[in-house]
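Each remark here refers to the structure printed beneath this line.
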Amino acid sequence: MNKIYKRIALASGIMLLAVFLCACGRKAEYNVLLITLDTTRADHLRCYGYKNVETPALNSLAREGVMFVRAYAHTPMTLPAHVSILSGTLPLYNGVLENVGYQVPDNLILLSEVLKENGWTTAGFVSAAVLKKDFHINQGFDYWNQEGIQPQPEMQALMAERKADAVTDAVLKWLESNGQKRWFIWVHYFDPHKEYAPPDPYRRLYYFDPYAGEIAFMDSQILRLFDYLKQKKLYDKTIIIAIGDHGESLGEHNEPTHYIFLYDATQWIPFLVRVPGLKKPGRAILNIVSQIDVFPTVLDLLNIKIPAQSQGRSLKKLLYGREPNELSGEAFLESHFPYLHFGWSELYGLVKDHYKYIQAPKPELYDLSWDPNELNDIAEKNPKLVKEFDERLEQIKAQSRSKLAEQASARGRQDGETIAQLKSLGYIVNQNTPDSAKAKQKNPRDYAELLAVINDALNAQYLGKSKELLSKAEQILAKDPENPVAIQLKSNALFAMGEHKKNIEWIQQSLSRTGETGELYAQLGFSYLQLNQLKSAESAFEKAVKLDPWNNVTRYHLARIYLSQGRSEDAIKLMEGSNLKEQAAGHLIMALYYLAQGRPGRAEVEFDLSMKMAPNTAIIKLEYGYYLLTKGDARKALALFLDAEKLDPSLKKDTNLQKAKEKARAMIEKGT
């Protein structure tokens, strides 16, 4: 029903547009190319003054179009930033607050949907797991391309992305068949995201600054796209917008990358617009603008009615020089990651005139005209200004909250492989509900020194360095004893080390301190399983499912216990009320169910489906290996066991697996 209303709203816009077009006698026929530059700082582009990089493609946009020199991202996170760009709404309005656990609400109108309804052919090309179609950001696209998003060999931890050359290849291939249509293309480049490892020759040319090397490589692939458009005589028929989703701290303010703070290192972004036939190109616009301005600007340039949801403003008059080019406007900033993951305070900010204000347990105020690096907090000296900024922020927050937040929740609707890829990118998947009262007292700035330690801990976890992980987790807990991520990381380390009794003690202690969470009860169940305490494991998993009904991994393990007890119907019931049937874990449960029913043929079909859906999932390889061992296929079983250990190094401490490996090797030696 929501989709129906959405389409009615769009159709109404078309009817109004038709009346308008009849009156004025013309309709804009431009193609639209939207390029989003992931993790790209404005001050690391040549056109913005950085001398240690070559970016000829983006330079050409600044030279032939308009460069906004004070453009801002609303949040330092990829998914919500892109939702703001594509919808013209703030994260507080659309409900997509960060990368994990959220999806674009069905009732939110995206630029792709408006243009599709108005006759444009739409195509999207993304290059990172955080923008896969699981998040419903593909709404309104006739063609969607996310193929080839996979781990990159140079990464310390498992990183899922697609390189810029592969992205451009995909765009050019699509244009070969669709270039003569009137199109809207969104191309997302992820390369500047950590790890910074550009391919040669950029690796050699930028050995002193690999982050800049990633930007230069990305720009070279944008240049390939521009050259193709010129060759096909499409360049001068296309509105081109290049905008960053957020920047990168690069260690400034003790933040290694992004996610937490609202300083200009992460919030000041490049924003370049080229409109064919623009008079007086090459101008630098001083007005403060932001990501939510893209949506209304594109529609206004195309003479399409702007939907009422838009919180941004059209920049068309600025582009054409019909508004004063002056230091005016404001940009609203928000960061929810510190609260949602670490139990620290949320941060809000406002850029206005030459000031940046950050609303935190200890407010911060900076005069960017003489302190662009935000090193001199003048909040205490300017209480009147602080009060004015606070009042304005509260006004914006009150105006921005909507009913879409509940629709944006994606708990249980993202597949296991996507969640694993997000974890690999450092996007911590934490299901805890923080104590808001305590969080308001915990200023993220006071815990900045822990951010590098948390990054090290995550790398240690993905590299299977359990002792290092334990050490880093305890280092975090020494400073922040109630940090939910550190509590979980310590539990993960103890589990991986085979210290299951210690892990049980740690979790029970943590539950009494932080309250009950599904995640901790699930981890408790895993350790009980390793000690063959099935009744305790069953009880822990049942509590975990009750507290976090969307955790399908927990449902799987509980179903497995039920099947071992002959409670087949109870196992099947666990799949009701969730989307487990549609996921690899659901097929795995069905495989075990059919084995319990004495139907190995049907079980093999389910094993095959689960393997195809999630080929890099350790538990699936493990279960399939156990089954093959009972069939006598020891070689294939052993290969699956070893693959599972590579995917999950903690399995090296799994006594059941080690016994199964020994049995498989013995069978191979005997030739059975």
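Annotations
- Pairs, first assigned by TED's automatic domain parsing to the domain that holds LYS232 in the stretch 172-183, second crowded, with 16+ Cβ neighbours inside 10 Å and assigned to a loop (DSSP other than H, G, I, E, B), C-beta under 7 Å, six or more apart: GLY179/LEU234; ARG182/TRP120; TRP183/TRP120
Matching residues to (1) modelled with pLDDT under 95; (2) not in a helix (DSSP H, G or I):
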residue	(1), (2)
LEU108	no, yes
GLN139	no, yes
LYS173	no, no
TRP186	no, yes
HIS193	yes, yes
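- Test for THR39: is it out of contact with any helix residue (DSSP H, G or I) (no Cβ under 7 Å at 6 or more places or on another chain) and part of a loop (DSSP other than H, G, I, E, B): yes
- Checking each residue in the stretch 519-546 for being among the hydroxyl-bearing types (Ser, Thr, Tyr) and touching a residue at least 60 places away in the same chain (Cβ under 8 Å) picks out no residue at all.
- Within the stretch 486-501, considering residues that are surrounded by fewer than 22 Cβ atoms within 10 Å (Cβ to Cβ) and farther than 19 Å from LYS646 by Cβ, the one farthest from the chain's Cα centre (by Cα): LYS501
- Check on SER220, assigned by TED's automatic domain parsing to the domain that holds ASN59, at pLDDT 95 or above, not aliphatic (A, V, I, L, M) and not in a helix (DSSP H, G or I): no
- So LEU262, is it surrounded by fewer than 23 Cβ atoms within 10 Å (Cβ to Cβ), within 27 Å of GLU449 (Cα to Cα), touching a residue at least 24 places away in the same chain (Cβ under 8 Å) and hydrophobic (A, V, I, L, M, F, W, C): no
- The residues in the stretch 25-75 that are more than 25 Å from the chain's Cα centre (by Cα), among the hydrophobic types (A, V, I, L, M, F, W, C) and within 19 Å of LYS194 (Cβ to Cβ) can be counted, and the count is 1.
- Residues of the stretch 579-609 satisfying the condition of being closer than 13 Å to TYR627 by Cα and not in a helix (DSSP H, G or I): GLY598, ARG599
- Any chance VAL351 is β-branched (Val, Ile, Thr), modelled with pLDDT of 95 or more and in contact with a Lys or Arg (Cβ under 8 Å, 6 or more places away or on another chain): yes
- Test: residue in the stretch 119-134 that is in contact with a Phe, Trp or Tyr (Cβ under 9 Å, 6 or more places away or on another chain), modelled with pLDDT of 95 or more and charged (D, E, K, R): no
- Here VAL294 meets the list (1) surrounded by fewer than 24 Cβ atoms within 10 Å (Cβ to Cβ); (2) closer than 25 Å to VAL96 by Cβ; (3) not aromatic (Phe, Trp, Tyr) almost entirely, failing just condition (1).
- Any hit, the stretch 555-568, residues being polar (S, T, N, Q) and either buried (at least 20 other Cβ atoms within 10 Å of the Cβ) or closer than 30 Å to SER409 by Cβ (or both): no
- Candidates ILE589, ILE572, ILE668, ILE620 - the one that is over 31 Å from the mean Cα position of the chain (by Cα) and within 24 Å of ALA544 (Cα to Cα): ILE572
- Pair list, Cβ < 6 Å and 6+ apart or interchain, from the stretch 452-480 residues that are in contact (Cβ under 8 Å) with a residue 12 or more places away in the chain to residues that are surrounded by fewer than 22 Cβ atoms within 10 Å (Cβ to Cβ) and among the polar types (S, T, N, Q): VAL453/GLN475; ASN459/GLN156
- The residue that is farthest from ALA160 (Cα to Cα), counting only those in the stretch 190-231 that are surrounded by 17 or more Cβ atoms within 10 Å (Cβ to Cβ) and polar (S, T, N, Q), is SER220.
- Residue count for the stretch 330-378, restricted to those that are surrounded by fewer than 20 Cβ atoms within 10 Å (Cβ to Cβ), over 16 Å from ILE260 (Cβ atoms) and not charged (D, E, K, R): 11
- Meets criteria (within 28 Å of the chain's Cα centre (by Cα) and modelled with pLDDT under 90) for GLU516: yes
- Criterion applied to VAL289, VAL187 was being crowded, with 17+ Cβ neighbours inside 10 Å and farther than 22 Å from LEU90 by Cβ, and the one residue passing it is VAL187.
- Flag for THR89 being touching a strand residue (DSSP E or B) at 6+ places or on another chain (Cβ under 6 Å), modelled with pLDDT of 95 or more and assigned to a loop (DSSP other than H, G, I, E, B): no
- Residues that are buried (at least 18 other Cβ atoms within 10 Å of the Cβ), over 22 Å from the mean Cα position of the chain (by Cα) and of a type outside the set (A, V, I, L, M), drawn from the stretch 444-479: ARG445, TYR447, LYS465, SER466, LYS472
- The residue pairs whose first member lies in the stretch 349-368 and is among the acidic types (Asp, Glu), whose second member is assigned to a strand (DSSP E or B), and whose beta carbons are closer than 7 Å, counting only pairs six or more residues apart or on different chains, are GLU364/ILE358; ASP367/TYR355.
- Residue check, GLU516 acidic (Asp, Glu) and either buried (at least 19 other Cβ atoms within 10 Å of the Cβ) or without any contact (Cβ under 8 Å) to a residue 60 or more places away in the chain (or both): yes
- Subset of the stretch 157-200 [within 23 Å of TYR30 (Cα to Cα) and touching a Gly at 6+ places or on another chain (Cβ under 6 Å)]: TRP186
The values are calculated or read from the model by the stated rules, or taken from the named source; none is laboratory data. Note that the structure is predicted; figures quoted are calculated from it, not measured. Because the Cβ atoms are built from the backbone with ideal geometry, glycine has one as well, and the counts that use them run over all protein chains shown.
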